[in-house]
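Data first, discussion second: the structure below is written as structure tokens.
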Amino acid sequence: MSSSKQAKTWLGTDDKFVRLRKIETLDPQTDFREITELFYTDFQSVMVVQGVAGLLFTYSAPRMSRILSASRQLEHHTAKRYVDTATFNAAVMQNGLNTGDGREAARRVNAMHRQYDIHPQDFVAVGCDVPATSLDLAERFGWRPVTDIEREGVLRHYTLEARAFGSHDPMPDTMDGVRAFWNHYLDTQATFEPQNKALTDALMTFMPTLVPGPLKRIINPILTAQVDPRILRACGLPVPSRLRKGLSTAFVKSLGKSDPKPDSYTSTTLSDLRDKIYPNGWSIQTLGTHLKEHKDPAAHATPAATADAATPVDAHAETAEKGQS
Ligand code: HEM
């Protein structure tokens, strides 16, 4: 075997099912973070759809899009918002909510959310959207069947993250409940308003910048073809023809077949974009929007200065962190 063609390994073994075997030894009530991280690693190629679908979901309901539009962040700082959101979520996925950057991410996002009058049911809806869409993509396009341990673990992870990020109302405690809540929410809240389209246009301009030349013209039509038609209509996007839906399904299925990615594979899209946006470095404390601090520049100090300000997260998030309902 030539030195260039290295044998593929998964968790250091030649068994591509090893992450699944690991998941089957874990308890979704206590090991939900690890289960969720292994789940996303095993199905990472098809989750590219979730990145777009998740943002369009928040643009489809005017009660949310009015707030997101008013902050002028997603329209005018799309790349930064995309990078900061992915980095905050990755910090929680890698560290959990109890320690280091995971705890800091919860503090930061909670502080951002407190600036806005967010409807409690919208928090639950966004909390439901990520597990519902991710599990659905893995079930439809994944290289292997999804297990009940993964469904339960992923739901528990996002239930606790939603609470730590400021949600006060509980999420449904089963995936059937989550899907029912998600469907009812779209039936009752998703409707077109001009700001939905403005936010969507900014995202549709940004997404092609993430992919190489040949994919730039097809990435949006392919990804949006897998988004719920209620969301597409509310965002002013065309509902796909049978041909476009069929081509998109074949494309995402072929992505799914490239999983599970071996240990040697690392996606550099996020880190490359982050290095471009933060050439002088970044820390979890400096990510996100700092509306309050903008009025007091002194408070927007370097990470070192903020470290000692690590006052405990508000009582509610503390409870969520300890996994207590
Ligand atoms: C469980 C539910 C939710 C999660 C997990 C979540 C997650 C996040 C994350 C990771 C950020 C930081 C993003 C960044 O720095 O760009 C953020 C910021 C923000 N979120 Fe949420 N969010 C949730 C619910 C909501 C809801 C329901 C709204 C209502 C509109 C909302 C509005 C905002 C706003 C306005 C910001 C600040 C950034 C900006 O000004 O655009 N979030 N959220």
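What to note about this one:
- Sub-7 Å Cβ pairs linking a first residue in segment 225-236 that is basic (Lys, Arg) to a second residue that is assigned to a loop (DSSP other than H, G, I, E, B), at least 6 apart or interchain, are 230/190; 233/192; 233/239, ordered by first then second residue.
- Residue match in segment 150-167 (condition: more than 9 Å from the ligand (Cβ to nearest atom), open to solvent by 50 Å² or more (accessible area, probe 1.4 Å) and in a loop (DSSP other than H, G, I, E, B)): no
- Selection from segment 85-124 of residues that are among the small types (Gly, Ala, Ser) and either part of a helix (DSSP H, G or I) or out of contact with any Gly (no Cβ under 6 Å at 6 or more places or on another chain) (or both): 86, 90, 91, 100, 102, 105, 106, 111
- Count of segment 43-84 residues which are of a type in the set (D, E, K, R) and either under 23 Å from residue 221 (Cβ atoms) or free of Cβ contacts under 8 Å to residues at least 60 places away in the same chain (or both): 3
- Only one entry in 59, 82 is assigned to a helix (DSSP H, G or I), within 14 Å of the ligand (Cβ to nearest atom) and open to solvent by less than 10 Å² (accessible area, probe 1.4 Å), namely 59.
- Helices (runs of 4 or more DSSP H) contained in segment 238-325 and holding at least 3 residues at pLDDT 95 or above and away from the ligand (no atom under 16 Å from the Cβ): 242-257
- The lone criterion from (1) farther than 23 Å from residue 90 by Cα; (2) in a helix (DSSP H, G or I); (3) at pLDDT 95 or above left unmet by residue 16 is number (2).
- Cβ-Cβ under 6 Å pairs, at least 6 apart or on other chains, segment 85-97 side over 15 Å from residue 160 (Cβ atoms), far side more than 9 Å from the ligand (Cβ to nearest atom) and open to solvent by 30 Å² or more (accessible area, probe 1.4 Å): 86/270
- Residue list for segment 67-79, restricted to those being near the ligand (Cβ under 6 Å from one of its atoms) and assigned to a helix (DSSP H, G or I): 67, 68, 73, 74
- Sole residue being open to solvent by less than 20 Å² (accessible area, probe 1.4 Å) and in a helix (DSSP H, G or I), chosen from 129, 136: 129
- Matching entry among 130, 227, 211 (being over 17 Å from the mean Cα position of the chain (by Cα), under 27 Å from residue 45 (Cβ atoms) and of a type in the set (A, V, I, L, M, F, W, C)): 211
- Evaluating residue 101 against the criteria (1) over 29 Å from residue 183 (Cα atoms); (2) open to solvent by less than 30 Å² (accessible area, probe 1.4 Å) leaves one unmet condition, (2).
- Top-ranked residue of segment 212-236 - restricted to ones that are of a type in the set (A, V, I, L, M, F, W, C) and open to solvent by 30 Å² or more (accessible area, probe 1.4 Å), ranked as nearest to residue 57 (Cα to Cα): 218
- Test for residue 108: is it within 10 Å of the ligand (Cβ to nearest atom), charged (D, E, K, R), modelled with pLDDT of 95 or more and within 30 Å of residue 31 (Cα to Cα): yes
- Screening residue 52 on (1) more than 18 Å from residue 196 (Cα to Cα); (2) away from the ligand (no atom under 15 Å from the Cβ) shows it passes everything except condition (1).
The values are calculated or read from the model by the stated rules, or taken from the named source; none is laboratory data. A quick note: this is a predicted structure, and the numbers were derived from the prediction, not measured. Cβ: placed from backbone, ideal geometry, glycine included. Neighbour counts: every protein chain shown. We work out accessible area using only protein heavy atoms, side chains counted, and drop any ligands, DNA or RNA first. Shrake-Rupley method; radii C 1.70, N 1.55, O 1.52, S 1.80 Å.
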